[in-house]
Amino acid sequence: MKRLVQAPNLAIATLWSDLLVEAGIRTSLQRVFTSGLAGEIPPDQALPEVWVQDDGQWERARELLDALAHCEQRRWFCGACHELVEGPFETCWNCGAPMPAQA
């Protein structure tokens, strides 16, 4: 088992772990309950961590998290309600219309 990354909080650590599990990479969350110790121990020691169970999958896990951090961000206007939609979304957050083909 090998440590992949420290997360800034438990919610993000869980999201990263779930992404990796969906990709077939078994993970383990460590330091899940240490945030309450911040101040008693150094802050960087209280952050949750994502560990990869199989060391042979560590590089692939790193690549997946890197791709997540650098995912394409788009800006497009909804043809139905004219709302500006930003980010990797393919449907309008306001009305649910699909992204136009030219966006």
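The values are calculated or read from the model by the stated rules, or taken from the named source; none is laboratory data. None of the values given here were measured: they were computed from a predicted structure. For neighbour counting, all protein chains shown are included, and Cβ atoms are generated from backbone atoms with ideal geometry for every residue, glycine included.
Conditions tested, residue by residue: (1) in contact with a His (Cβ under 7 Å, 6 or more places away or on another chain); (2) in contact (Cβ under 8 Å) with a residue 12 or more places away in the chain; (3) of a type in the set (S, T, N, Q).
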position	(1), (2), (3)
51	no, yes, no
56	no, no, no
60	no, yes, no
73	no, yes, yes
76	no, yes, no
86	no, yes, no
90	no, no, no
Candidates 46, 38, filtered to the one that is modelled with pLDDT of 85 or more, closer than 26 Å to residue 2 by Cα and in the same structural domain as residue 11 (by TED's automatic domain parsing): 46
Going through region 87-101 one residue at a time, which ones are of a type in the set (Phe, Trp, Tyr) and under 11 Å from residue 76 (Cβ atoms)? 89
Yes/no for residue 79 being surrounded by fewer than 12 Cβ atoms within 10 Å (Cβ to Cβ) and out of contact with any strand residue (DSSP E or B) (no Cβ under 7 Å at 6 or more places or on another chain): no
